[in-house]
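Data block below; observations after.
Each reported figure results from applying straightforward, stated rules to the coordinates on display, with no laboratory input. If you're wondering where the values come from, they're calculated on a predicted model, not measured in any experiment. Every residue, glycine as well, gets a Cβ built from its backbone with ideal geometry; the counts of neighbours run over all protein chains shown.
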Amino acid sequence: SSAASRLQQWWHTEGSAQFSQQGPGGTEPGGWRPVDLRTLRGAALPCADCEVYAVIVHYWPCVGFVKKDGSSSVQRKVFVVDQSSGEATQLVLFGQHAEQEDATFDGQPVVRLTGVRAEEFRGLRGVRLASSGSMTLGCASSAASRL
C-alpha cells in the first residue's frame, strides 16, 4: 500500500538512524520507549509504556461492551502500519480514544501513540493503547512529518 511505501522510504532514509540513537531500551521524556511494531509484537509479555509512530490504514466502528465488573465501556479496532518495514497490526483503542468520530480516522492519518502495550488476552497476543496513553492524530513532529 502507499502508506507502507511511505513508511519504508522514511525508515530507510532516516528513521532507523533516529531509532538506533535512542535504542529500543531507551526512553523519551515521560518514560515512553520508542519501538516499532515488529519489536513490540515479539517482546516478552507484558510489554508496556511504548511509543509508536504509525499510519492508520483501516478502522472499524466503535462498539460498546460490558466489563467483568458490570460497567460499560467502548472499544475500536484500527489497523496500523509502522515505520520499520511496513509491519502492520491490529491495535485496540478504548474509551475516549475509541469514541472519536469515524471521520477522524479517514485519509490514512499519521498517528503518535504513547502508552502502547503488548499483552495476552484470552490466550491471544494483542496490542492496545493503555487508558493512560495518548493518541495524537496528524501529529506535527519531525519524525511523523517524514512518514
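Amide H neighbours of Tyr59 under 5 Å, at least 5 residues apart or on other chains, H built in the peptide plane: list them.
Those qualifying (amide H under 5 Å, at least 5 residues apart or on another chain) are Phe79.
With the crude spin-label approximation of a point 7 Å out along Cα→Cβ, what separation in nm comes out for Val66 versus Gln96?
About 2.7 nm, to one decimal.
Sort 70-79, 99-108 for me by packing, meaning the mean count of neighbouring Cβ atoms within 10 Å per residue, highest on top.
70-79, 99-108
Could you compute the net charge surrounding Gln100? Neighbours are other residues with a C-beta less than 14 Å from the C-beta of Gln100; K and R count +1, D and E count -1.
Result for the local shell: -2.
List, in order, the whole-Hz ³J(HN,Hα) value for each residue of segment 122-137 obtained from phi through the Karplus relation with A = 6.51, B = -1.76, C = 1.60 and θ = phi - 60°; use x for Gly and Pro.
Per-residue couplings from phi come out as 6, x, 10, 7, x, 10, 9, 8, 5, 4, 7, x, 10, 10, 10, 7 Hz.
Collect residues whose amide H, placed 1.01 Å from N in the peptide plane, falls under 5 Å from the amide H of Glu87; neighbours closer than 5 in sequence don't count.
Asp82
May I ask for the net charge around Ala88, where only other residues with Cβ less than 12 Å from the Cβ of Ala88 are counted and Lys, Arg are +1 while Asp, Glu are -1?
With Lys, Arg at +1 and Asp, Glu at -1, the net is -1.
Given the Cα-Cα distance of Leu137 and Phe121 and 0.36 nm per residue of separation, how much length would full extension add, in nm?
3.1 nm
Would you kindly derive the ³J(HN,Hα) couplings of segment 67-73 from the backbone phi angles with the Karplus curve 6.51 cos²θ - 1.76 cosθ + 1.60 (θ = phi - 60°), listing them in order in whole Hz, with x for Gly and Pro?
6, 4, 7, x, 7, 9, 8
Please list, in order along segment 39-54, the HN-Hα scalar couplings obtained from phi with the Karplus expression 6.51 cos²θ - 1.76 cosθ + 1.60 (θ = phi - 60°), rounded to whole Hz, x for Gly and Pro.
5, 4, 5, x, 6, 4, 8, x, 10, 10, 6, 9, 10, 9, 9, 8
Give the separation of the Cα centroids, segment 92-108 to segment 45-91, in Å.
Segment 92-108 and segment 45-91 have Cα centres spaced 10 Å from each other.
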